[in-house]
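The values are calculated or read from the model by the stated rules, or taken from the named source; none is laboratory data. Nothing here was measured: the structure is a model prediction, and the numbers come from that model. Cβ placement follows ideal geometry from the backbone for every residue including glycine, while neighbour counts extend to all protein chains displayed.
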Amino acid sequence: MNAENPTLSMDTSAALPEVPDLNPARLWRGWTFWFGPLISIAILGATLLALRHFDTTPIRDMLPANPIFWLVFVLSYMLTPLSEFMIFNRLWSLPAAGMGALLRKRLSNEMLVGYSGEVYFYSWAREHGSVTNTPYGAIKDVAILSALAGNLVTLFLLLPALPLLATHEGVIDAQLMTWSIAIVGGTSAIAVLFRKRLFSLPREERRFVLAVHFVRIIGSLALTALLWHLVLPDVGLSWWFLLVTLRQLLSRLPLLPNKDVVFAGLAILLIGPHVAITSLMALMAGLILAAHLLTGLLFGGGDLVQKLARR
């Protein structure tokens, strides 16, 4: 009975059900493949929805023809992704293609949910393994240092602005402002005290990142003041610097409600009711929204087409 049974020599693997590939790396790549295009589609949808409800009538007559304005506007709009490209180029040797990812990162943060851009950029960096194999630590550190730089600039600007704000007590709730300052100062102090546990980047890299964020914030304030002055040149540039400083303060203080209303009230008190502050803010918001839409179409749509072509 040593003869081989032909029925037992059959390949039994054909009778087994196909087992799905549960390789974590493969599953991760599938997630990162679709996350970028989904973010791009969400950005386009959010931008189109905002444009649908945006009234352009009050700002048409304020559109400046001065080419200097448009050059300054483009520089102001690109300042954040350019500064981040400088940072990640030093940390990762980020290629030029990373600029598109950084632009989508900004759109995601501003048009969708705060810090969703960091999640998108993390997925992009993981998918492009040649850029870095460990993106989480650097992205986390850069985001925290950005918030820390914004808090420190706010606290620094508060020193000369406090007497002015105290003069107009009816515009800002003093108690809420005190608590807001305490929160900003407290979170900054925590980040500094626990820096060794909180950050993964080396000290020299952290200093570089923080310096770039400081330059970006101060540069953004200066360019915004210049843009406002180019739209309404009858108001002196020094007044616009003061107003943009106040706007920065209000935007960073967490507990103050109706910040746009408070800012408009301070602007009227400082430079008079004859200046079209509301129309100016509407103009700038509309231009930024249009820039978001154009950027989303160029980089979001292009990214989706490239991914589908490689699929």
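Would you pick out the residues in region 190-217 that are closer than 20 Å to Phe156 by Cα and either at pLDDT below 95 or polar (S, T, N, Q) (or both)?
Scanning region 190-217 gives Ile190, Ala191, Val192, Leu193.
Kindly indicate which of Tyr122, Tyr115 is more than 13 Å from the chain's Cα centre (by Cα) and farther than 30 Å from Pro233 by Cβ.
Going through Tyr122, Tyr115 in turn, the sole match is Tyr122.
If you take the residues in region 229-254 that are part of a loop (DSSP other than H, G, I, E, B) and within 18 Å of Ile68 (Cβ to Cβ), which one is farthest from the chain's Cα centre (by Cα)?
Asp234
When the residues of region 191-228 are filtered to those that are closer than 24 Å to Thr134 by Cβ and small (Gly, Ala, Ser), which remaining residue is nearest to the chain's Cα centre (by Cα)?
Ala211
Restricting the search to region 198-215, which residues are among the charged types (D, E, K, R) and either crowded, with 18+ Cβ neighbours inside 10 Å or in a loop (DSSP other than H, G, I, E, B) (or both)?
If the condition is that a residue be among the charged types (D, E, K, R) and either crowded, with 18+ Cβ neighbours inside 10 Å or in a loop (DSSP other than H, G, I, E, B) (or both), then Glu205, Arg206 are the ones that fit.
Note down all Cβ pairs under 7 Å where the first residue falls in region 277-297 and is within 16 Å of Thr47 (Cβ to Cβ), the second is modelled with pLDDT under 85 and not in a helix (DSSP H, G or I), and they're at least six residues apart or on different chains.
Gly286/Phe54; Gly286/Thr56; Leu289/Phe54
Residue by residue, here is whether (1) outside any helix (DSSP H, G or I); (2) in contact with a helix residue (DSSP H, G or I) (Cβ under 7 Å, 6 or more places away or on another chain); (3) over 26 Å from Arg195 (Cα atoms) holds:
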site	(1), (2), (3)
Ala96	yes, no, yes
Gly100	no, yes, yes
Ala125	no, yes, no
Leu145	no, yes, no
Val153	no, yes, no
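Answer with yes or no whether Pro163 is assigned to a helix (DSSP H, G or I), free of Cβ contacts under 8 Å to residues at least 40 places away in the same chain and surrounded by 19 or more Cβ atoms within 10 Å (Cβ to Cβ).
no
From the list Val131, Val142, Val153, which one is aliphatic (A, V, I, L, M), surrounded by 14 or more Cβ atoms within 10 Å (Cβ to Cβ) and closer than 21 Å to Leu242 by Cβ?
Val153
If I ask for residues that are in a helix (DSSP H, G or I) and more than 20 Å from Ser76 (Cα to Cα), which ones from region 273-292 would you list?
Thr278
Tell me, please, whether a residue that is out of contact with any Phe, Trp or Tyr (no Cβ under 9 Å at 6 or more places or on another chain), within 24 Å of Phe214 (Cα to Cα) and in contact (Cβ under 8 Å) with a residue 60 or more places away in the chain can be found in region 117-133.
Here is the first cut: in region 117-133, the residues out of contact with any Phe, Trp or Tyr (no Cβ under 9 Å at 6 or more places or on another chain) are 117-118, 128-130, 133.
Keeping just the survivors that are within 24 Å of Phe214 (Cα to Cα) gives 117-118.
From what is left, the residues that are in contact (Cβ under 8 Å) with a residue 60 or more places away in the chain are none.
Checked region 117-133: no residue is out of contact with any Phe, Trp or Tyr (no Cβ under 9 Å at 6 or more places or on another chain), within 24 Å of Phe214 (Cα to Cα) and in contact (Cβ under 8 Å) with a residue 60 or more places away in the chain.
Does Gly265 satisfy the condition of being in contact (Cβ under 8 Å) with a residue 12 or more places away in the chain, crowded, with 18+ Cβ neighbours inside 10 Å, of a type in the set (Gly, Ala, Ser) and in a helix (DSSP H, G or I)?
The answer is no for Gly265.
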